[in-house]
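A.B. asks: Pasting a structure below so you can have a look.
The values are calculated or read from the model by the stated rules, or taken from the named source; none is laboratory data. None of these values were measured; they are calculated from a predicted model. Cβ coordinates were reconstructed from backbone atoms using ideal geometry, including for glycine residues, and neighbour counts include every protein chain displayed. What goes into the accessible areas is simple: the full protein's heavy atoms, side chains included, and nothing from ligands, DNA or RNA. Shrake-Rupley method; radii C 1.70, N 1.55, O 1.52, S 1.80 Å.
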Amino acid sequence: EKINFAGGEPFINDILLGELCRYSHDLGLAVSIISNGSLIRPYWMEIYGEYVDILGVSIDSFRPEINAAIGRGTDGNNKHLERVLKVREMC
């Protein structure tokens, strides 16, 4: 059995998310999270990363100007792809 945390941005309340992941893991569930990556922090991964089986990061576009046009940044210089690569380094 499994549980997935997604929709909106799960990391808005990162401590609650972490505790839910820990609890779910302790119940024997496979835990997955889908995030845009903007709020994932190294301290969270250090504390709660072991309770997550799959961490998916959504990417709408690799082009900053397209991300900006669809609301994924305030201008063509947004750092969405850069944040995704930082998440990869934390895993």
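A.B. asks: In the chain, carbon and sulfur make up what percent of the accessible area (probe 1.4 Å)?
C.D. replies: On the way: 3150 of 5800 Å².
Here carbon and sulfur together make up 54 percent of the probe-accessible area.
A.B. asks: When N is the residue count of the chain, what does its C-alpha Rg come to as a fraction of 2.2 N^0.38 Å?
C.D. replies: 1.14
A.B. asks: Right, another one. Rounding to the nearest 10 and keeping the result within 0 to 90°, find how far the Cα-based axis of helix 80-90 lies from the longest principal axis of the chain.
C.D. replies: Helix 80-90 sits at roughly 30 degrees to that axis.
A.B. asks: Can I ask one more? Can you give the angle from 0 to 90° between the axis of helix 14-26 and the longest principal axis of the chain, with both taken from C-alpha atoms, to the nearest 10?
C.D. replies: 40 degrees
A.B. asks: Residue separation times 0.36 nm, minus the C-alpha to C-alpha distance between Glu46 and Ser58: what's the value?
C.D. replies: Values: separation 12, 0.36 × 12 = 4.32 nm, distance 2.15 nm.
Extra length available between Glu46 and Ser58 comes to 2.2 nm.
A.B. asks: What 222 nm value per residue comes from the helices of the chain, counting each DSSP H run with n ≥ 4 as -39,500 (n - 2.57) and dividing by all residues, nearest 500 deg cm²/dmol? List each step's numbers first, then the result.
C.D. replies: Values: 4 runs with 37 residues, N = 91.
After summing the helix terms and dividing by residue count, I get -11500 deg cm²/dmol.
A.B. asks: Under a plain spin-label model, where a point goes 7 Å from the Cα along Cα-to-Cβ, how far apart in nm are Ile3 and Ile15?
C.D. replies: So the label points at Ile3 and Ile15 sit 1.9 nm apart.
A.B. asks: Please work out the average accessible area per residue across the chain, using the 1.4 Å probe convention, and give it in Å².
C.D. replies: With the other protein chains kept in place, the chain gives 64 Å² per residue.
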